[in-house]
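Asks: First the structure, which I've put down as C-alpha cells, then a few questions once you've had a look.
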Amino acid sequence: MLNERELFELYNKDVYRTCYYMLHHAQDAEDVCHDVFVTVFRQDWQKVEYKKTWLMKITVNHCLNFLKREQKSKLREKKQFLLTPRRTADPVDIQIAHVEESALWAQWVQELPEKMRSAILLRYMNDLSLAEIAEILEIPTGTVKSRIYKAIRMLRKKWDQAGKSYQKGEVYSEPYGKKVVSSSEK
C-alpha cells in the first residue's frame, strides 16, 4: 500500500508534464500540479484501482478548469502574449543551431486544438491506452481515436507544408531555403 509521499513521487512527473503541455506555462503547471495532489489526498485515493488513470483524469479536469477560469479573467491577454510564438532576429547560423526536429514537433502540438492536444498528449506523452483516455476525457473510445487521427493528420500536413525531410545531420534554414549539413557529416 502506497503512502502519500510514494504516490506523489511515483506520479508527480506525469502530472506535471501533462499540466505543462496543456497550460504552456511552468508556474501555472506547478500550481495546478500542486492542486491536483491536494485534491487527491483529500479523497480516499487508496481504494482506487487504476491510480494513474484516475490521477490523469483529475489532472486533465484541473487543467481544463484552470484554462476556463483564465479565459474569463483579465489574464487572457497575458496568456495570448505568452503563447504567441516569437521570431528572433538572430543570425542565420544561430537560428540553424537552434532548430531541432523535436522543437518543431512540440510547437506544432501546442498549436493543435485543445481537444486534440489533450488526446494526443495523453496517448503519446503518458502512454495511456485509448480506453484510459476515453475514461479520463469522458468521451467514447471512437471519439478518442478520431481526435488522435485528426491530430496526427494535422501534424503531418504541417510537416509536409514546412517541406521537411530530415535525414541524419541535415537541417534546413527556412528563411533562405538552403540545406545545411552538420560538420560531422561532411
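The values are calculated or read from the model by the stated rules, or taken from the named source; none is laboratory data. Note that the structure is a prediction, hence the values are computed from the model and not measured. So basically every Cβ, Gly included, is an ideal-geometry build from the backbone, and we count neighbours across all protein chains shown. In case anyone asks, the SASA skips ligands and DNA or RNA and just uses the protein heavy atoms, side chains included. Shrake-Rupley method; radii C 1.70, N 1.55, O 1.52, S 1.80 Å.
Asks: Would you be able to tell me the number of residues in segment 114-131 that are outside any helix (DSSP H, G or I) and either farther than 20 Å from residue 24 by Cα or open to solvent by 50 Å² or more (accessible area, probe 1.4 Å) (or both)?
Replies: Summing the residues that are outside any helix (DSSP H, G or I) and either farther than 20 Å from residue 24 by Cα or open to solvent by 50 Å² or more (accessible area, probe 1.4 Å) (or both) in segment 114-131 gives 4.
Asks: Which residues, taken from segment 59-73, are within 16 Å of residue 11 (Cα to Cα) and open to solvent by 20 Å² or more (accessible area, probe 1.4 Å)?
Replies: The one that is within 16 Å of residue 11 (Cα to Cα) and open to solvent by 20 Å² or more (accessible area, probe 1.4 Å): 62.
Asks: Return the total of residues in segment 59-98 being modelled with pLDDT under 55 and either in contact with a Gly (Cβ under 8 Å, 6 or more places away or on another chain) or under 21 Å from residue 127 (Cβ atoms) (or both).
Replies: Of the residues in that region, 0 qualify.
Asks: Right, another one. Is there any pair with a first residue in segment 132-155 that is open to solvent by 50 Å² or more (accessible area, probe 1.4 Å) and a second that is of a type in the set (Val, Ile, Thr) and not in a helix (DSSP H, G or I) whose Cβ atoms are under 9 Å apart and which are 6 or more apart or on different chains, and what are they?
Replies: Partner pairs satisfying both residue conditions: none exist.
Asks: I'm checking my understanding of the structure. Among residues of segment 15-58 that are of a type in the set (Phe, Trp, Tyr) and surrounded by fewer than 17 Cβ atoms within 10 Å (Cβ to Cβ), which one is nearest to residue 123 (Cα to Cα)?
Replies: Going through the qualifying residues, I end up with 50.
Asks: Now for a separate question. For residue 171, which of the numbered conditions (1) surrounded by 12 or more Cβ atoms within 10 Å (Cβ to Cβ); (2) at pLDDT below 80; (3) within 23 Å of residue 68 (Cα to Cα) fails to hold?
Replies: Only one criterion is unmet by residue 171, namely (3).
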